[in-house]
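Scroll down for the structure; my scribbles are underneath it.
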There are 2 protein chains.
Amino acid sequence: MLIVKKFGGSSVANKERIFRVAERCIEEYKKGNDVVVVLSAMGDTTDELLAKAADINPNAPKRELDMLLTTGEQVSVSLMAMAMHALGVSAVSLNAYQVMMHSTSRYGNARFKRIDSERIRHELDSRKIVIVTGFQGVNKYDDYTTLGRGGSDTTAVALAAALRADACEIYTDVDGVYTADPRVVKNARKLKEITYDEMLELATSGAKVLHNRSVEMAKKYGVQLVVRSSLNLEEGTTVKEVAKMEKMLISGVAGDKNTARISVLGVSDQPGVAFKIFHTLAKNNINVDIILQSVGREGTKDISFTVSQEDLKPALAILEEYQEPMTIREIKWEDTVAKISIVGAGMMSNPGVAAKLFESLYNNGININMISTSEIRITVLIDEKEIDKAMQAVHDGFGLGDV
Amino acid sequence: MLIVKKFGGSSVANKERIFRVAERCIEEYKKGNDVVVVLSAMGDTTDELLAKAADINPNAPKRELDMLLTTGEQVSVSLMAMAMHALGVSAVSLNAYQVMMHSTSRYGNARFKRIDSERIRHELDSRKIVIVTGFQGVNKYDDYTTLGRGGSDTTAVALAAALRADACEIYTDVDGVYTADPRVVKNARKLKEITYDEMLELATSGAKVLHNRSVEMAKKYGVQLVVRSSLNLEEGTTVKEVAKMEKMLISGVAGDKNTARISVLGVSDQPGVAFKIFHTLAKNNINVDIILQSVGREGTKDISFTVSQEDLKPALAILEEYQEPMTIREIKWEDTVAKISIVGAGMMSNPGVAAKLFESLYNNGININMISTSEIRITVLIDEKEIDKAMQAVHDGFGLGDV
């Protein structure tokens, strides 16, 4: 078997943890398996490097930032190889150049185009554990790129696809995917299996367990993912095409406080006005989430939408700049809101799910601001203060804690 | 003009110094010159990385050590590019892969084989300052190598040769090559010019201003070197094939405390015995310096030689191991000795130089232990305590402080 294992920055933050990961990989290797390990930069390394760069040049060219950041994973992988050698097992560290992980050109947010597998195959054939830098690629100019935060998950999936690995295990500080955040909902239950689509909806709804780009890629190439804890030997959650439904309507509840609502009032009720607003925001890389439009007074309409908290200020700046051509009478905003989402492949064939969600919230006196739905997800906007109570209420309402 | 400038680790140890170097390079660039900058790792980075590695695995594979160490220069060059951008000048950082600095395979002590110039030319053609990682290469396995300590000087010379640069400037914390260490000899004088051969002898005699491998390469490819201070605008010393002799017999005096003497006594006076001793030491990478052989009692001989202080213990271990087959009666050693050397192309045609050296030392009551000579150098071994007094005495004896 060929197994790809990915460990995040906190799993390799110090000597003890590096050795713990090394031992875990060696255990797999000693079963006779081929092992490819993907690592992030140690602990807070990436943030420290970013701070150094910001001190020198707050508007540093992204090409140079990537050149700087990619040193972080190179340090982790070489130290990991040294640790494995100390434990008597032959290992070799490789960076994006040595593997040749071809990516698109966009610095700071590149995507993989193609991954060469010869070097890794060659090293595996000589029975070495291969340790690869996560998070980085090389573009057509022969420059380093990075994949953006959480990119090491994507590296692991891309390598698993390129090498046709038998398994791709993502080790994190939680031991799987839960029906809700266990720190908020006490009786949250770990899922044995979940579908790619459900995992994607959960990831985009605020569950931080997997980077959604990695789930997309896993779905595209049929790479079966296992999310496991690096701290214990629990079985974890398998993410795959079709999951056993366990007779559940929904798989999980996710909360997300990183959201803000903007309302533009008194917009002229003419075709193209809404397009102009959202087109301008998109052009400036502002992602708009839930959108709600209502009829205003005297041939005008009011439009509300949500953005992430980071995008709130830039979005307001753009709206103010174009207030006149966009025919906006007034701009309002609020950053004390939160999203709560339920996700489940089962809701497609079950029309009562939305009603049950609203009922659970109503019974607990929680007011709903906005609603957005996809085929397998329903998201509602509520007051930020009520998010924990709402998570528990919805979790209980759907009986997710029961086995 | 195309100018290669090399700055050491202390010149880029912090933000202020990075900007000072950036400004200096930009000044050159704004004269219309093409500028290639070679940098070492910031401050103590290399030592810190080595300590990290030693903590994980004291016998770490050298391949992985090089993978780790090469991150140091990559951090310097990317931060330097950011600093230049902050000052409004377009710059690009490149590592050994991006330039393609082909080296021999030997990790930790590689030598350059060939350097590709296309990428650098391409960047220079678009009027960028090009910043290259010193100290590192890539071997035929596509793995990083390092050149050993002081290797960034060699990188600068190798790039200057490959690019046929008009000048190669080595910036250090001293402002040139002196007739003696100015911290020891108060009236030491900065040399305007020195030949490659003299510089080589000075470098191997303990003057730390240039790495001798870089001088060898400069000589081989006819790269004219200038040693300058990164802290001031003084003119520095030019190292070239033929230097103006300034009517001096010798160019400089160098002292070196990093030496120890080993004596093997009562060695059987048969052919091949001395060979066996020095061959065994060489096989174990121990460099032997001055050798002195004298006749002992009853058909035996005594052999004394010097090694660096680091090599003392390993050398003694080897001699003890082979004491019997090497027919050694007794091993003695002393580590409170020092070398003092005078170097000068002028001594070749001047037989009185050695006599003058011995006279200067004798007049100051300094005892000579051992003597070794080359065409343009005389080295004597003295008591370590007397090194400063001896340096001053010899410097005065040859009138090196007089202009």
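The values are calculated or read from the model by the stated rules, or taken from the named source; none is laboratory data. A quick note: this is a predicted structure, and the numbers were derived from the prediction, not measured. Glycine gets a Cβ as well: all are built from the backbone with ideal geometry, and neighbour counts include every protein chain shown. For the accessible areas, the whole protein counts, side chains as well, though only heavy atoms, and no ligand, DNA or RNA atoms are used. Shrake-Rupley method; radii C 1.70, N 1.55, O 1.52, S 1.80 Å.
List of remarks:
- Hey, A:D311 touching a Leu at 6+ places or on another chain (Cβ under 6 Å), modelled with pLDDT under 95 and surrounded by 18 or more Cβ atoms within 10 Å (Cβ to Cβ) or not: no
- Test result for B:K113, touching a strand residue (DSSP E or B) at 6+ places or on another chain (Cβ under 8 Å) and closer than 23 Å to A:K62 by Cα: no
- Which listed residue, of A:K140, A:K62, is within 12 Å of another protein chain (Cβ to nearest Cβ), at negative phi and open to solvent by 40 Å² or more (accessible area, probe 1.4 Å): A:K62
- Number of residues in segment A:73-98 that are more than 7 Å from chain B (Cβ to nearest Cβ) and without any contact (Cβ under 8 Å) to a residue 40 or more places away in the chain: the value is 4.
- All positions within segment A:1-37 that are more than 22 Å from the chain's Cα centre (by Cα), surrounded by 17 or more Cβ atoms within 10 Å (Cβ to Cβ) and of a type in the set (G, A, S): A:A22
- Residue identified as surrounded by fewer than 17 Cβ atoms within 10 Å (Cβ to Cβ) and under 22 Å from B:K52 (Cβ atoms) among A:G72, A:G88: A:G88
- Residue that is farthest from the chain's Cα centre (by Cα) [pool: residues in segment B:145-166 that are aliphatic (A, V, I, L, M) and open to solvent by less than 20 Å² (accessible area, probe 1.4 Å)]: B:L163
- Scanning segment A:314-344 for residues that are at pLDDT 90 or above and of a type in the set (V, I, T) yields A:I318, A:I328, A:I331, A:T336, A:V337, A:I340, A:I342, A:V343.
- Within segment A:28-42, the residues that satisfy the criterion of being without any contact (Cβ under 8 Å) to a residue 40 or more places away in the chain and either part of a loop (DSSP other than H, G, I, E, B) or over 14 Å from A:A91 (Cβ atoms) (or both) are A:K31, A:G32, A:N33, A:M42.
- Failed condition for B:S40, given (1) at the interface with chain A (Cβ under 9 Å from one of its Cβ atoms); (2) in contact with an Asp or Glu (Cβ under 8 Å, 6 or more places away or on another chain); (3) open to solvent by 10 Å² or more (accessible area, probe 1.4 Å): (1)
- Selection status of A:R111, open to solvent by 30 Å² or more (accessible area, probe 1.4 Å), at the interface with chain B (Cβ under 8 Å from one of its Cβ atoms) and closer than 19 Å to A:V157 by Cα: no
- All positions within segment B:210-244 that are out of contact with any Phe, Trp or Tyr (no Cβ under 7 Å at 6 or more places or on another chain) and assigned to a helix (DSSP H, G or I): B:N212, B:R213, B:S214, B:E216, B:M217, B:K220, B:Y221
- Exactly one residue out of A:K52, A:K31, A:K5 is more than 22 Å from A:V209 (Cα to Cα), modelled with pLDDT of 95 or more and more than 11 Å from every other protein chain (Cβ to nearest Cβ): that is A:K31.
- Output for segment A:222-281, where each listed residue is within 27 Å of A:E169 (Cβ to Cβ), open to solvent by 40 Å² or more (accessible area, probe 1.4 Å) and either among the aliphatic types (A, V, I, L, M) or at pLDDT 85 or above (or both): A:G222, A:Q224, A:R228, A:L231, A:N232, A:L233, A:E234, A:E235, A:K240, A:E241, A:V242, A:M245
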